[in-house]
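Inspection log for the structure reproduced underneath, given as structure tokens.
The values are calculated or read from the model by the stated rules, or taken from the named source; none is laboratory data. Small disclaimer: the values here were computed from a predicted structure and weren't measured. Reconstructed Cβ throughout: ideal geometry from the backbone, glycine too, with neighbour counts over all protein chains shown. These area figures cover heavy atoms from the full protein model, side chains too; ligands, DNA and RNA do not enter into them. Shrake-Rupley method; radii C 1.70, N 1.55, O 1.52, S 1.80 Å.
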Amino acid sequence: SEMGGLKLPWPFEVLSCQPLKRSLASSCAMSNTEAEEYKSKGNEAFKAQKWEDAIKAYNKAITLDGTQPSYYSNRAACWSSKGKHESALSDANKCIELDSAFIKGYSRKGKALFDMQRYGEAEEAYQAGLKVDPSNQSLSAGLAEVKANRARASQSSSSSGGFGSFFGGSGGFLGQFMSKMKGGGMGGRMQMYMVAFAAYYMYKNVMGTPKQSASDDLSLEAAEPEMEYEDLSVTLPSGFRRGFSEVNGKWIGYMEAPSEADNMLVFLHRTSLSAEAEFGSLLPQLIEKASADSSPKGFQVLAPDRPCHGYSPCAATGEGDAKWFAALLRSRKAKRMTYVASGAEAAKTVLDYVRQRKQPAQVLLVSPSASALAEAGSLKTADDVSSWLGQRPALSALSAAEAARWAASSSMEASTGALTAAELPDGCSVLILTAPDEPEERNLEEELEKQGITVQSRQMVQSFIEEVVAEALQMAKGELA
């Protein structure tokens with residue numbers, strides 16, 4: 001048949017809106033609209049980590065309009081997430097072919113080549129992208145990661161070879177990790193995690209599974225920014241992940257609920273406890289309630305073990321110092337931050353960090369005058385521990401064990417002096433919760449009010465978990481009760 005002078009076989013189907021006769025312009029417009037709808041469906045599936053559904057949606061979008069580089073870029077991200085690196089590379093190449101100025105195409109190509117351990121070609125891909133956009137941070141990070149990995153590979157091959165660099169004596173990765181953990185008195189508590197990490201390392205390097213790195217760029221075009229994860233992590237029975245991040249030569253342990261959302265909730269536990277002891281029962285309830293409430297629209301959750309607590313060894317810079325906290329959060333991208341700090345030292349760390357960051361934040365201070373459950377170094381004998389436990393019958397077994405271990409082994413001194421809220425950034429909001437048997441924080445409240453900071457203070461009327469879950473979710477939504 002003929003349409004506008006253009007001879008087409010019958011029946012025919014317009015599969016791609018390439019430049020056509022004017023009479024087909026309306027058909028192309030309809031295809032583009034429908035293609036964009038499928039792209040949006042793919043984006044939603046991607047954010048839900050439903051890779052197969054996302055790929056099917058992008059397939060439809062490409063069928064309707066094969067001229068859009070973003071469709072191939074997004075599908076390449078899905079292939080990378082599934083470990084299908086050849087397919088990711090093919091889509092990345094097609095993306096660049098369609099638009100040589102589309103930066104994500106180079107990022108996808110570099111990652112696909114990196115995951116296939118074709119480091120030389122990955123470096124070339126990132127460099128090609130930087131010629132188009134010299135200031136692109138994602139490409140620069142990818143290039144740095146490739147160079148660092150090539151340097152590590154070269155160093156490894158020149159030493160013991162194979163897995164020797166991982167397991168080999170005190171110089172191997174495992175030896176270095178355990179050496180750094182000795183200062184924290186971890187002992188046998190690390191065995192489960194180290195077995196998991198060793199298995200993960202071997203599987204990743206032998207089977208060639210995807211490597212998440214600082215250069216990973218799995219965010220979609222016009223979608224929310226990606227979350228960066230540490231390699232050292234395992235999933236806990238609660239659904240949260242236990243991970244470790246190297247900060248100033250020491251390994252900081254943390255619990256997290258991964259998400260690609262740009263809203264982050266950070267929990268900092270009370271002195272003498274740990275993230276798991278104080279928040280281990282709270283965090284699953286938080287996620288469950290947020291899911292049932294359908295808001296906020298997703299958030300990241302991070303609960304680190306402060307230095308000298310849980311799985312984190314002591315830091316040389318001091319317990320109340322915000323430097324380790326800032327270093328831990330540096331690689332995590334979030335536009336909106338909500339902090340929950342329990343006890344005096346945690347409150348000081350959070351307020352110091354917010355002051356240094358100079359960006360508005362929501363802060364929930366729980367019992368900001370409370371110190372450790374036991375004085376550092378006070379429990380020296382079994383009788384001391386027995387007597388101390390007898391005075392605290394309401395403590396959970398895990399909290400009692402953490403606090404007793406901390407008091408028996410830590411030499412850290414509690415911070416002295418009043419908590420100060422001076423020079424907090426404009427736009428911050430603070431809620432102070434105290435237990436019924438604790439004094440009101442009038443001085444802190446007045447200091448915040450003088451600065452023009454939105455502040456409320458009240459006593460808890462429900463359980464610690466119920467109060468913190470409810471208030472943390474409200475603050476994450478930007479609502480101060």
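Return the residues of the range 238-278 that are outside any loop (DSSP other than H, G, I, E, B) and among the hydroxyl-bearing types (Ser, Thr, Tyr); say none if nothing qualifies. Across the range 238-278, the qualifying residues are Ser245, Tyr254. Pairing residues of the range 421-438 that are part of a loop (DSSP other than H, G, I, E, B) with residues that are among the acidic types (Asp, Glu) and surrounded by fewer than 19 Cβ atoms within 10 Å (Cβ to Cβ), at Cβ distances under 9 Å and at least 6 apart in sequence or on separate chains, gives Ala421/Glu447; Ala422/Glu447. The requirement of being open to solvent by 60 Å² or more (accessible area, probe 1.4 Å) and either in contact (Cβ under 8 Å) with a residue 60 or more places away in the chain or in contact with a helix residue (DSSP H, G or I) (Cβ under 6 Å, 6 or more places away or on another chain) (or both) is satisfied by Lys41. You will find that of Ala334, Ala346, Ala374, the residue that is under 24 Å from Glu256 (Cα atoms) and outside any helix (DSSP H, G or I) is Ala334 and no other.
Here is a check on your reading of the model: is Pro436 at pLDDT below 85, open to solvent by 60 Å² or more (accessible area, probe 1.4 Å) and not hydroxyl-bearing (Ser, Thr, Tyr)? In short, no.
Scanning the range 82-100 for any residue that is free of Cβ contacts under 8 Å to residues at least 24 places away in the same chain, outside any helix (DSSP H, G or I) and either open to solvent by 10 Å² or more (accessible area, probe 1.4 Å) or aliphatic (A, V, I, L, M) (or both) turns up at least one such residue.
Closer than 27 Å to Ala148 by Cβ, out of contact with any Ser or Thr (no Cβ under 7 Å at 6 or more places or on another chain) and aromatic (Phe, Trp, Tyr): which single residue out of Tyr106, Tyr58, Tyr72 fits that description?
Values: Tyr58 fails: closer than 27 Å to Ala148 by Cβ; Tyr72 fails: closer than 27 Å to Ala148 by Cβ.
The match here is Tyr106.
Does Leu328 satisfy the criteria of being open to solvent by less than 20 Å² (accessible area, probe 1.4 Å), at pLDDT below 90 and farther than 24 Å from Asn443 by Cβ? When the stated conditions are applied, Leu328 passes them. Pairing each residue of the range 334-349 that is within 20 Å of Ala476 (Cα to Cα) and touching a residue at least 12 places away in the same chain (Cβ under 8 Å) with any residue that is surrounded by fewer than 23 Cβ atoms within 10 Å (Cβ to Cβ) and charged (D, E, K, R), provided the two are 6+ apart or on different chains, yields C-beta distances under 7 Å for Ala334/Asp262; Lys335/Asp262; Arg336/Asp262.
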